[in-house]
Amino acid sequence: MKKNIAFIVPYPIGVAPSQRFRFEQYLSLLKNEGIQYTCFPFLSIKDFKIIYNQGFFFKKTLSIFNGFFRRSILMFRLTKYDTVFIHREASPVGPPVFEWLIAKILKRKIIYDFDDAIWLENTSQSNQLISKIKSHSKVASICNWASLVMCGNKFLMSFAKKYNMNVVYMPTTIDIENEHNKIKHHEKKQVVIGWTGTHSTIKYLYEIESVLSKLQQKLIFEFRVISNKDPLFTKIKYHYIPWNKNKEIQDLLKIDIGIMPLLDNEWARGKCAFKALQYMALGIPCVISPVGVNNEIVKDGVNGILAENDEEWREKLTKLIETVEIRAEIGLEGLKTVHEKYSVLANQRKFISYLKNNELK
């Protein structure tokens, strides 16, 4: 019997890292497995382009209303789907009304997937209005109603298991065949240190701005930021590159050292090391904070570098900047790690089995 799955997601397909690297990479495999699917984003492409910009109060409000209208209509269409895959939440604000309808009234199986500590408040300054009407506590309820909960690391799993015993680990993965399928060639030239991410994680870059500033006074290197928002640094020289999906791999391959600074708090411990995995998948050595799942993925000095404080960031970045052989060696080991444990190829059977074999409580 063929399965028919409705993917209820926050964003349009192809634009949000969380969706792209949690489940979108597997969609092309589903039909060969006898799984039919349809994706239902809350935001349209037009709405997505303005929702995270500062201002636009009335347009954002209209976007939310439009999303709720689409979700309401969708409730009448879900009877033809036997399973509903919910990534993060059915709506960005308010209580879990749609999730309750799906679970309790429509009696659909729910697979619930999340890759951040979304039960905590962590809304950006540009969306303070949304932060006031978000219902973070709904994550526990959705976990409770789900047939299966898929989490990106053990920290997230420990939260989900308070409300549901059917919790599984599904890592954030990289498509090494179709997307991240090139390898960085390390040369003796001016080094480029780089960071990639969205507006929501730029705040972590400011934590090492002074480190980069002091390094720029002693060493010659370029610092690049690939993002959907300019960080507007004042202490360091940098090159801002607007994120472009069509040029993503090309832009990343111009980086010689990738960085991922984090603060050691609950929200950061819920992160799934996506930035580090992107660097590693291309053979780019990464320097990252030893927070949460980072400690499980990276073995310090082997397949990546862990830096806990300013002194370690300066010392370890200096070593990589000055030694091309170490960059190449660590980059190669990082690449092997992704291929073996964090690639779509290594995890596709597991993902498909979760979709096929979840059982209704």
Do me a favour and compute the ellipsoid semi-axes for the range 1-128 from its Cα gyration tensor, root of five times each eigenvalue, largest one first, whole Å. 26, 17, 14
The pairs in LYS316/LYS336; LYS109/LYS162; LYS109/LYS245; LYS188/LYS350 lying past 29 Å Cα-Cα in this model are LYS109/LYS245; LYS188/LYS350
Top of PHE98, PHE221, PHE58 by mean-square fluctuation, Gaussian network on the chain, Cα under 10 Å: PHE58
Under 5 Å from the placed amide H of SER135, counting only residues 5+ away or on other chains, we find GLY94
Which ³J(HN,Hα) values, rounded to whole Hz and listed in residue order, are derived for the range 301-310 from phi using the Karplus coefficients 6.51, -1.76 and 1.60 in 6.51 cos²θ - 1.76 cosθ + 1.60 with θ = phi - 60°, glycine and proline given as x? x, 10, 10, x, 10, 9, 10, 9, 9, 4
Hey, got the dipole for the range 259-361? About the Cα centre, +1 on K and R Cβ, -1 on D and E Cβ, debye to the nearest 20? 720
Three principal axis lengths of the range 66-221 [C-alpha, angstrom, descending]: 64, 39, 33
Grab the DSSP H runs of the chain that are 4 residues or longer, score each as -39,500 (n - 2.57), total them, divide by all residues and round the 222 nm result to the nearest 500 deg cm²/dmol. -10500 deg cm²/dmol
Based on the Kirkwood radius over alpha-carbon pairs, what value in µm²/s does the Stokes-Einstein equation return for the translational diffusion coefficient of the chain at 25 °C and 0.890 mPa s? 115
Mind checking the dipole of the chain: about its Cα centre, +1 per Lys or Arg Cβ, -1 per Asp or Glu Cβ, Debye to the nearest 20? 1480
If you take the square roots of the eigenvalues of the alpha-carbon gyration tensor of the range 279-361 and sort them as a ≥ b ≥ c, do you get rounded (a/c under 1.5), prolate (a/b over b/c) or oblate? oblate
With θ set to phi - 60° and the Karplus curve 6.51 cos²θ - 1.76 cosθ + 1.60, what are the ³J(HN,Hα) couplings of the range 20-35 in order, to the nearest whole Hz, using x for Gly and Pro? 4, 9, 9, 9, 4, 5, 9, 4, 5, 8, 5, 4, 5, 9, x, 10
Hz values of 3J(HN,Hα) by residue in the range 110-121 - Karplus curve (6.51, -1.76, 1.60), Gly and Pro given as x: 10, 9, 10, 10, 8, 10, 9, 7, 6, 7, 9, 6
Towards the positive end of the charge dipole of the range 1-98, with charges on Cβ (+1 Lys, Arg; -1 Asp, Glu), say which of LEU62, PHE76, ILE13 has the farthest Cα. LEU62
As a test of reading the structure, rank SER91, SER158, SER137 by solvent-accessible area (1.4 Å probe, protein chains only), most first. SER137, SER158, SER91
Which residues' amide hydrogens lie under 5 Å from the amide hydrogen of ILE174, considering only partners 5 or more residues apart or on another chain, with H built in the peptide plane? SER343, VAL344
Dipole of the chain [Lys/Arg +1, Asp/Glu -1 at C-beta], most positive-end residue of GLN348, HIS186, LEU232: GLN348
Amide H neighbours of ILE110 under 5 Å, counting only residues 5+ apart in sequence or on other chains, H built in-plane at 1.01 Å? VAL84, SER147, LEU148
Please list log₁₀ I(q)/I(0) at q = 0.11, 0.13, 0.16 Å⁻¹ for the range 149-244, using the Debye equation with identical point scatterers on the alpha-carbon positions. -0.54, -0.70, -0.89
Counting only heavy atoms of protein chains, what accessible area per residue, in Å², does the range 255-314 have with a probe of 1.4 Å? 30
Nearest-0.05 FRET efficiency for ASN309 and LEU232 at R0 = 22 Å, using Cβ-Cβ distance, is 0.30
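The values are calculated or read from the model by the stated rules, or taken from the named source; none is laboratory data. What you see is a predicted model, and the numbers here were worked out from it, not measured in a lab. We place every Cβ from the backbone using ideal geometry, glycine too, and count neighbours over all the protein chains shown. Heads up: the accessible areas ignore ligands, DNA and RNA and are worked out on the full protein's heavy atoms, side chains in. Shrake-Rupley method; radii C 1.70, N 1.55, O 1.52, S 1.80 Å.
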